[in-house]
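Working notes, beginning with the structure itself.
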Amino acid sequence: MASVKLSDRKDKWEWRGGCDSCFSVAAIKSFLRSNTDFSSNYAFKWSKWVPKKVNILVWRAQMGRIATLDALIKRNCFNGENRCIMCGDGSETAEHLFCTCVVASEVWARISRWAHVGPIYAFSLSDLLEVHEFSGLGNKAKDILKGVIMIVLWCIWKARNGRRFSDSHKSADKIVQDVKSLGFLWYSNRSKCKDVSWENWVSFSLM
Ligand SMILES: [Zn+2]
């Protein structure tokens, strides 16, 4: 008690979580985040011209939150074999299905030729979602490639579900055709560049 000094000042609450005594919501956020390391977190950036359902699938896939066989086994929701149904080889993880599967590799080879970029090799979803940044394309084509990559993931997932649940078989060539037609439909209706022609789209002349 010896160190306590009393004064005539009126009692008041004081915020001690920040460098000044001014309390605000921003100061709370800053205080809560001050001891958290976000350096390894991947910040998912949405594509505006691609529908929400595609953005959400890709966002969930990137976080490992889609129902691949590997994910279901880890959650004790499936106890069968987790072999990839697209190639019959390898465990069905999101990385295998979208990156290293033979079918996915063929799709990426065709997409890179279509978009006039170097071969697309990826070992994770995060790698795929950054391909456009290092593509050497102009800003407009880069934005298109970013959306196209998301549509590829959407179409591979749809093809996988069709094969698993409806016994429908889609080749890499058919998946790429779906990507081009869905991409054109969405880009010409949802982006600011509604005057894009099908001829320019299929030749990726979009500078
Ligand atoms: Zn596979």
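Readers should treat all values here as calculations from the given coordinates under stated rules, not as data from a laboratory. Being a predicted model, the structure only gives us computed values, none of them experimental. Backbone-built Cβ (ideal geometry, glycine too); neighbour counts: all protein chains shown.
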Exercise. Take 171, 166 and order them by how many other Cβ atoms sit within 10 Å, fewest up front.
Key: 166, 171
Quiz item: For the chain, what is the relative contact order in percent, using Cα pairs closer than 8 Å and at least 6 residues apart in sequence?
Solution: 18 percent
Quiz item: Once the Cβ-Cβ distance between residue 44 and residue 165 is put in as r, and R0 is 30 Å, what FRET efficiency do you end up with, to the nearest 0.05?
Solution: 0.65
Self-check item: Helix 139-161 axis, angle to the chain major axis (alpha carbon atoms, nearest 10°)
Solution: 70 degrees
Quiz item: Given the pairs 74/140; 146/170; 140/174; 48/74, which span a C-alpha to C-alpha distance of over 29 angstrom in this model?
Solution: 74/140; 48/74
Quiz item: To the nearest 10 degrees, how steeply does helix 102-114 sit against the main Cα axis of the chain, on a 0 to 90 scale?
Solution: 90 degrees
Exercise. Using only Cα atoms, tell me the angle between helix 52-62 and the longest principal axis of the chain; keep it within 0 to 90° and round to the nearest 10.
Key: 80 degrees
Quiz item: Taking the chain as a Gaussian network, Cα atoms linked when under 10 Å apart, which of 138, 80, 88 shows the biggest mean-square fluctuation?
Solution: 80
Quiz item: For the residue pair residue 189 and residue 6, what label-to-label distance in nm results when each label sits 7 Å from Cα along the Cα-to-beta-carbon direction?
Solution: 7.6 nm
Quiz item: For residue 162, what is the net charge nearby, where nearby means another residue's Cβ is under 13 Å from its Cβ and Lys, Arg count +1, Asp, Glu -1?
Solution: +4
Quiz item: For the chain, modelled as a GNM with alpha-carbon contacts under 10 angstrom, which of 12, 29, 140 fluctuates the most?
Solution: 12
Self-check item: For 195, 178, order by how many other beta-carbon atoms lie within 10 Å, fewest first
Solution: 195, 178
Quiz prompt | Proportion of all alpha-carbon pairs of the stretch 1-149 beyond 23 Å (%) | solution = 57 percent
Exercise. Specify the residue with the greatest mean-square fluctuation among 150, 86, 63, computed from a Gaussian network of the chain linking alpha-carbon atoms under 10 Å apart.
Key: 63
Exercise. Going by C-beta contacts inside 10 Å, put 132, 116 in order with the fewest on the left.
Key: 116, 132
Quiz item: Do the sum for the chain: with -39,500 (n - 2.57) for every DSSP H run of n ≥ 4, divided by all residues, what is the mean residue ellipticity at 222 nm, to the nearest 500 deg cm²/dmol?
Solution: -13500 deg cm²/dmol
